[in-house]
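What follows is a short report on a single structure.
Just so it is clear, none of the values below were taken in a lab; they were calculated from the coordinates. Computed from a predicted structure; not experimentally measured. Because the Cβ atoms are built from the backbone with ideal geometry, glycine has one as well, and the counts that use them run over all protein chains shown.
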Amino acid sequence: MRWLAVVSVVLLGLVTGGTAAATFGTDDYPYRAAAVDRGDAWGFLTRECTSFVAWRVHVDLGVTDFTNHYRGGHFGDARNWAANARRIGLRVDSTPTKGAVAVFPPGVAGAGGYGHVAIVLSSTQNTVTVEDYNFEDDWNNYRPYRYGQHTEPARSLSFVHF
């Protein structure tokens, strides 16, 4: 049990200390081997899409104070991210750019009732390629709580720009 406490402290230090070197497009999420749905360093649940995106925003985008309650808001479930981002003054639009957060409303591109969020890796005129966690698709053989990349039509998505 002591080793678990040590590993938890080391992981927390990596993800909150700003020293972790994350890389877009790879499964370098620090909670990838953690138990599912435990609290993470940003106030989300481990191995859920929101936790993965919070980590990318924190480490890759350099928004080191990002948490579930960033700027007094409450991001919560993925379906709330676009409205909350607008409310706290972040730009939300229909233009995908690398590093933006893609927000999938419930029922769009297979997103469940809680919606889905992902990080934009690239885009074309009509599609967006994203990376995420807990999106059941053929990338991860329909196994939840895993890393994935997929390309989806961009037309029904919103994009949050930090």
Where the only charges are on Cβ atoms (+1 Lys, Arg; -1 Asp, Glu), what is the dipole of the range 68-162 about its Cα centre, to the nearest 20 debye? 400
Using the Karplus curve 6.51 cos²θ - 1.76 cosθ + 1.60 with θ = phi - 60°, work out ³J(HN,Hα) for each residue of the range 150-162 in order, rounded to whole Hz, and write x for Gly and Pro. 7, 10, 9, x, 7, 4, 9, 9, 10, 10, 9, 10, 8
Please tell me the relative contact order of the range 100-162 in percent, rounded to the nearest whole number, where contacts are Cα pairs under 8 Å and at least six residues apart. 34
Give me the distance between the Cα centres of the range 148-162 and the range 104-130, rounded to whole Å. 4
Taking the range 26-161 and dividing mean pair separation by its residue count, relative contact order in percent (alpha carbons under 8 Å, at least six apart): 22
